[in-house]
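I have placed the structure first, in the form of C-alpha coordinates, so that the comments after it can refer back to it.
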Amino acid sequence: MWNPQTYLAFADQRGRPFFDLLARIGAESPRRVADLGCGPGNLTEQLAQRWPDAALEAVDSSPEMVAAARERGIAAELGDISAWTPRPGTDVVFSNAALQWIPGHADLMVRWAGLLEPGAWIAVQVPGNFDAPSHAAIRWLAEQEHWSNILGDFAFRSPDVVATPMGYAELLTGAGCSVDAWETTYLHELSGDNAVLTWITGTALTPVRDQLTDAQWQQFRAELIPLLDEAYPTRPDGRTYFPFRRIFVVAQVGSPSRSASTR
(Lines give C-alpha, C1' and ligand atoms only; values in the text may rest on other atoms or scores of the structure.)
Protein backbone atom coordinates (compact mmCIF):
# COMPACT_ATOMS: atom_id res chain seq x y z
CA MET A 1 0.00 0.00 0.00
CA TRP A 2 1.35 3.39 -1.00
CA ASN A 3 1.39 6.10 1.66
CA PRO A 4 1.21 9.62 0.17
CA GLN A 5 2.49 11.24 3.37
CA THR A 6 5.55 8.98 3.51
CA TYR A 7 6.23 9.56 -0.17
CA LEU A 8 5.97 13.34 0.24
CA ALA A 9 8.45 13.39 3.13
CA PHE A 10 11.16 14.23 0.58
CA ALA A 11 8.91 16.03 -1.90
CA ASP A 12 11.44 18.72 -2.80
CA GLN A 13 14.28 16.32 -3.55
CA ARG A 14 12.05 13.76 -5.27
CA GLY A 15 10.71 16.59 -7.43
CA ARG A 16 14.06 17.66 -8.90
CA PRO A 17 14.11 14.97 -11.64
CA PHE A 18 10.53 15.88 -12.56
CA PHE A 19 11.52 19.45 -13.39
CA ASP A 20 14.67 18.34 -15.23
CA LEU A 21 12.50 16.07 -17.38
CA LEU A 22 9.82 18.69 -17.93
CA ALA A 23 12.37 21.25 -19.09
CA ARG A 24 13.38 19.07 -22.06
CA ILE A 25 9.89 18.77 -23.57
CA GLY A 26 9.46 21.12 -26.51
CA ALA A 27 5.67 21.06 -26.77
CA GLU A 28 4.23 24.57 -26.59
CA SER A 29 0.48 24.09 -26.98
CA PRO A 30 -0.39 20.41 -26.52
CA ARG A 31 -4.05 19.44 -26.75
CA ARG A 32 -3.93 16.65 -24.18
CA VAL A 33 -1.27 15.80 -21.59
CA ALA A 34 -1.22 12.42 -19.81
CA ASP A 35 0.59 11.99 -16.49
CA LEU A 36 1.07 8.25 -15.96
CA GLY A 37 1.88 7.39 -12.36
CA CYS A 38 0.70 10.74 -11.09
CA GLY A 39 1.17 9.85 -7.42
CA PRO A 40 -0.35 12.33 -4.97
CA GLY A 41 -0.70 14.95 -7.69
CA ASN A 42 1.72 17.52 -6.28
CA LEU A 43 3.79 17.46 -9.48
CA THR A 44 0.83 16.95 -11.82
CA GLU A 45 -0.15 20.47 -10.76
CA GLN A 46 3.04 21.69 -12.44
CA LEU A 47 1.96 20.16 -15.75
CA ALA A 48 -1.34 22.03 -15.47
CA GLN A 49 0.52 25.27 -14.82
CA ARG A 50 2.83 24.87 -17.81
CA TRP A 51 0.04 23.91 -20.21
CA PRO A 52 -3.13 25.49 -18.78
CA ASP A 53 -5.12 25.05 -22.01
CA ALA A 54 -4.41 21.31 -22.34
CA ALA A 55 -6.79 18.59 -21.24
CA LEU A 56 -4.97 16.88 -18.35
CA GLU A 57 -5.23 13.14 -17.81
CA ALA A 58 -3.76 11.72 -14.58
CA VAL A 59 -3.52 7.97 -13.91
CA ASP A 60 -2.16 5.96 -11.00
CA SER A 61 -2.53 2.34 -9.87
CA SER A 62 -2.70 3.22 -6.16
CA PRO A 63 -6.12 4.10 -4.70
CA GLU A 64 -4.36 6.01 -1.92
CA MET A 65 -2.39 8.13 -4.40
CA VAL A 66 -5.45 8.76 -6.56
CA ALA A 67 -7.39 9.91 -3.50
CA ALA A 68 -4.56 12.25 -2.50
CA ALA A 69 -4.39 13.69 -6.02
CA ARG A 70 -8.14 14.28 -6.07
CA GLU A 71 -7.87 16.14 -2.78
CA ARG A 72 -5.57 18.57 -4.62
CA GLY A 73 -8.17 19.08 -7.31
CA ILE A 74 -6.56 16.75 -9.87
CA ALA A 75 -9.14 14.59 -11.68
CA ALA A 76 -6.97 11.50 -11.25
CA GLU A 77 -8.13 8.09 -12.45
CA LEU A 78 -7.33 4.68 -11.02
CA GLY A 79 -5.77 2.59 -13.75
CA ASP A 80 -3.11 0.17 -14.94
CA ILE A 81 -0.42 2.00 -16.91
CA SER A 82 0.47 -1.18 -18.81
CA ALA A 83 -3.08 -1.19 -20.25
CA TRP A 84 -3.24 2.54 -20.92
CA THR A 85 -3.85 3.73 -24.48
CA PRO A 86 -3.45 7.34 -25.66
CA ARG A 87 -6.72 9.14 -26.24
CA PRO A 88 -7.18 11.17 -29.44
CA GLY A 89 -5.28 14.45 -29.30
CA THR A 90 -2.67 13.27 -26.78
CA ASP A 91 0.43 15.33 -27.51
CA VAL A 92 2.45 14.68 -24.33
CA VAL A 93 2.81 11.39 -22.44
CA PHE A 94 4.66 12.07 -19.18
CA SER A 95 5.74 9.50 -16.61
CA ASN A 96 7.96 10.35 -13.66
CA ALA A 97 9.33 7.49 -11.54
CA ALA A 98 6.56 5.01 -12.34
CA LEU A 99 7.46 2.77 -15.28
CA GLN A 100 10.14 0.89 -13.30
CA TRP A 101 7.26 -0.98 -11.66
CA ILE A 102 6.08 -2.37 -15.01
CA PRO A 103 7.91 -5.33 -16.58
CA GLY A 104 8.50 -4.74 -20.27
CA HIS A 105 7.90 -1.00 -19.98
CA ALA A 106 10.42 -0.20 -22.74
CA ASP A 107 8.26 -2.14 -25.20
CA LEU A 108 5.27 -0.27 -23.81
CA MET A 109 6.92 3.04 -24.72
CA VAL A 110 7.48 1.75 -28.26
CA ARG A 111 3.78 0.83 -28.44
CA TRP A 112 2.81 4.36 -27.41
CA ALA A 113 5.09 5.77 -30.11
CA GLY A 114 3.17 3.74 -32.65
CA LEU A 115 -0.19 5.03 -31.43
CA LEU A 116 0.60 8.73 -30.99
CA GLU A 117 0.40 11.27 -33.81
CA PRO A 118 3.63 12.57 -35.39
CA GLY A 119 5.04 15.40 -33.30
CA ALA A 120 3.80 14.03 -29.97
CA TRP A 121 6.19 13.71 -27.04
CA ILE A 122 6.99 10.84 -24.67
CA ALA A 123 8.89 11.88 -21.54
CA VAL A 124 9.96 9.30 -18.95
CA GLN A 125 12.16 9.28 -15.88
CA VAL A 126 12.95 6.07 -13.99
CA PRO A 127 15.30 5.38 -11.08
CA GLY A 128 18.55 3.78 -12.18
CA ASN A 129 19.80 2.86 -8.72
CA PHE A 130 18.73 -0.77 -8.49
CA ASP A 131 22.34 -1.86 -8.03
CA ALA A 132 22.95 0.81 -5.37
CA PRO A 133 23.94 -0.23 -1.81
CA SER A 134 20.41 0.53 -0.56
CA HIS A 135 18.80 -1.94 -2.94
CA ALA A 136 21.63 -4.45 -2.59
CA ALA A 137 20.98 -4.42 1.16
CA ILE A 138 17.25 -5.00 0.66
CA ARG A 139 17.90 -7.87 -1.74
CA TRP A 140 20.49 -9.47 0.55
CA LEU A 141 18.23 -9.30 3.59
CA ALA A 142 15.19 -10.56 1.68
CA GLU A 143 17.23 -13.55 0.49
CA GLN A 144 18.08 -14.68 4.00
CA GLU A 145 16.17 -17.85 4.79
CA HIS A 146 14.03 -16.43 7.59
CA TRP A 147 12.79 -13.70 5.21
CA SER A 148 12.78 -15.49 1.87
CA ASN A 149 10.30 -17.99 3.29
CA ILE A 150 7.94 -15.07 3.84
CA LEU A 151 8.75 -12.70 1.01
CA GLY A 152 9.60 -14.96 -1.90
CA ASP A 153 10.45 -12.73 -4.86
CA PHE A 154 9.64 -9.05 -5.12
CA ALA A 155 9.92 -6.21 -7.63
CA PHE A 156 13.40 -5.01 -6.69
CA ARG A 157 15.16 -8.39 -6.63
CA SER A 158 16.92 -7.77 -9.99
CA PRO A 159 19.23 -4.81 -10.68
CA ASP A 160 18.30 -4.76 -14.39
CA VAL A 161 14.73 -3.55 -13.83
CA VAL A 162 15.39 -0.59 -16.15
CA ALA A 163 17.44 -0.18 -19.32
CA THR A 164 20.37 2.17 -19.96
CA PRO A 165 19.80 5.52 -21.69
CA MET A 166 21.28 3.99 -24.85
CA GLY A 167 18.96 1.01 -24.57
CA TYR A 168 15.89 3.23 -24.48
CA ALA A 169 17.28 5.47 -27.21
CA GLU A 170 17.92 2.56 -29.57
CA LEU A 171 14.41 1.17 -29.11
CA LEU A 172 12.63 4.48 -29.60
CA THR A 173 14.85 5.58 -32.48
CA GLY A 174 13.95 2.30 -34.14
CA ALA A 175 10.30 3.22 -33.59
CA GLY A 176 10.78 6.39 -35.61
CA CYS A 177 11.34 8.86 -32.78
CA SER A 178 13.86 11.64 -32.28
CA VAL A 179 15.37 10.81 -28.87
CA ASP A 180 17.14 12.68 -26.09
CA ALA A 181 18.29 10.26 -23.36
CA TRP A 182 20.65 10.80 -20.43
CA GLU A 183 21.34 9.91 -16.82
CA THR A 184 22.01 12.02 -13.74
CA THR A 185 23.21 11.06 -10.27
CA TYR A 186 21.72 13.34 -7.63
CA LEU A 187 23.56 13.64 -4.33
CA HIS A 188 20.74 14.05 -1.83
CA GLU A 189 21.63 15.57 1.50
CA LEU A 190 19.42 13.94 4.15
CA SER A 191 19.11 14.59 7.86
CA GLY A 192 17.71 12.85 10.91
CA ASP A 193 17.96 9.31 12.20
CA ASN A 194 17.77 6.49 9.65
CA ALA A 195 17.30 8.99 6.83
CA VAL A 196 17.94 6.56 3.98
CA LEU A 197 15.55 4.05 5.52
CA THR A 198 12.88 6.74 5.68
CA TRP A 199 13.47 7.58 2.02
CA ILE A 200 13.22 4.01 0.71
CA THR A 201 10.26 3.22 2.99
CA GLY A 202 8.17 5.47 0.74
CA THR A 203 9.23 3.69 -2.45
CA ALA A 204 11.52 0.65 -2.71
CA LEU A 205 10.30 -1.04 0.46
CA THR A 206 6.61 -0.79 -0.46
CA PRO A 207 6.38 -4.34 -1.94
CA VAL A 208 8.18 -5.71 1.12
CA ARG A 209 5.89 -3.92 3.57
CA ASP A 210 2.81 -5.25 1.78
CA GLN A 211 3.82 -8.85 2.53
CA LEU A 212 4.65 -8.46 6.22
CA THR A 213 2.68 -8.16 9.42
CA ASP A 214 3.31 -5.09 11.55
CA ALA A 215 5.66 -7.05 13.82
CA GLN A 216 7.54 -8.56 10.87
CA TRP A 217 7.85 -5.15 9.25
CA GLN A 218 9.42 -3.66 12.36
CA GLN A 219 11.84 -6.58 12.57
CA PHE A 220 12.82 -6.28 8.90
CA ARG A 221 13.49 -2.57 9.36
CA ALA A 222 15.55 -3.25 12.48
CA GLU A 223 17.74 -5.73 10.57
CA LEU A 224 18.06 -3.38 7.60
CA ILE A 225 19.18 -0.32 9.60
CA PRO A 226 22.78 -1.46 10.32
CA LEU A 227 23.25 -2.44 6.66
CA LEU A 228 22.17 1.03 5.54
CA ASP A 229 24.22 2.72 8.25
CA GLU A 230 27.32 0.96 6.96
CA ALA A 231 26.59 1.88 3.34
CA TYR A 232 25.54 5.47 4.10
CA PRO A 233 27.32 6.65 7.26
CA THR A 234 25.99 9.73 8.99
CA ARG A 235 28.43 12.61 9.15
CA PRO A 236 29.35 14.16 12.53
CA ASP A 237 27.15 17.12 11.65
CA GLY A 238 24.12 14.82 11.28
CA ARG A 239 23.92 14.86 7.50
CA THR A 240 23.78 11.75 5.35
CA TYR A 241 24.61 11.82 1.65
CA PHE A 242 22.49 9.58 -0.54
CA PRO A 243 23.57 9.25 -4.20
CA PHE A 244 20.63 8.48 -6.48
CA ARG A 245 21.03 7.72 -10.20
CA ARG A 246 18.11 8.44 -12.51
CA ILE A 247 17.54 7.80 -16.22
CA PHE A 248 15.69 10.21 -18.52
CA VAL A 249 14.18 9.70 -21.96
CA VAL A 250 12.47 12.36 -24.05
CA ALA A 251 11.27 11.18 -27.46
CA GLN A 252 9.37 12.99 -30.18
CA VAL A 253 7.31 10.82 -32.46
CA GLY A 254 7.82 11.00 -36.21
CA SER A 255 9.75 13.62 -38.09
CA PRO A 256 11.80 15.92 -35.82
CA SER A 257 10.88 18.78 -38.15
CA ARG A 258 7.27 18.66 -36.95
CA SER A 259 6.24 19.39 -33.38
CA ALA A 260 3.09 19.59 -31.30
CA SER A 261 3.50 23.37 -31.15
CA THR A 262 2.80 23.68 -34.89
CA ARG A 263 -0.73 22.38 -34.68
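The values are calculated or read from the model by the stated rules, or taken from the named source; none is laboratory data. Everything numeric in this text was worked out from a predicted model, so none of it was measured. Here the Cβ positions follow ideal geometry from the backbone for every residue, glycine too, while neighbour counts run over all protein chains shown. Calculation scope for accessible area: heavy atoms of the full protein, side chains included, ligands and nucleic acids excluded. Shrake-Rupley method; radii C 1.70, N 1.55, O 1.52, S 1.80 Å.
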Accessible area per residue of region 63-109 at 1.4 Å probe, in Å²?
-> 44 Å²
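In percent, how large is the relative contact order of the chain, given Cα pairs closer than 8 Å and 6 or more residues apart?
Relative contact order for the chain comes out at 25 percent.
So in the chain, what percent of DSSP beta bridges are antiparallel if you round to the nearest 5? Display every interim value, and only then the final one.
On the way: 22 of 39 bridges.
For the chain, the DSSP antiparallel bridge percentage is about 55.
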Expected max-MSF residue from 101, 121, 84 in the GNM of the chain (alpha carbon, under 10 Å) is 84
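What net charge do the residues around residue 67 carry, taking every other residue with its C-beta under 15 Å from that of residue 67, with Lys and Arg at +1 and Asp and Glu at -1?
Numbers: positive: 70, 72; negative: 60, 64, 71, 77.
Around residue 67, the surrounding residues sum to -2.
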The answer for residue 77, listing residues at least 5 apart or on another chain whose modeled amide H is closer than 5 Å to its amide H, is 58, 59, 60
Pull out the extension gain between residue 49 and residue 71, defined as 0.36 nm times the separation in residues minus the alpha carbon to alpha carbon distance; nm, one decimal.
-> 6.2 nm
Mind ranking 88-100, 42-54 by how tightly packed they are, going by the mean number of other C-beta atoms within 10 angstrom, highest first?
-> 88-100, 42-54
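At a 1.4 Å probe radius, carbon and sulfur cover how many percent of the accessible area of region 9-49?
Solvent-exposed carbon and sulfur of region 9-49 make up 41 percent of the total.
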Carbon-plus-sulfur fraction of the accessible area of region 70-146, 1.4 Å probe, in percent?
-> 54 percent
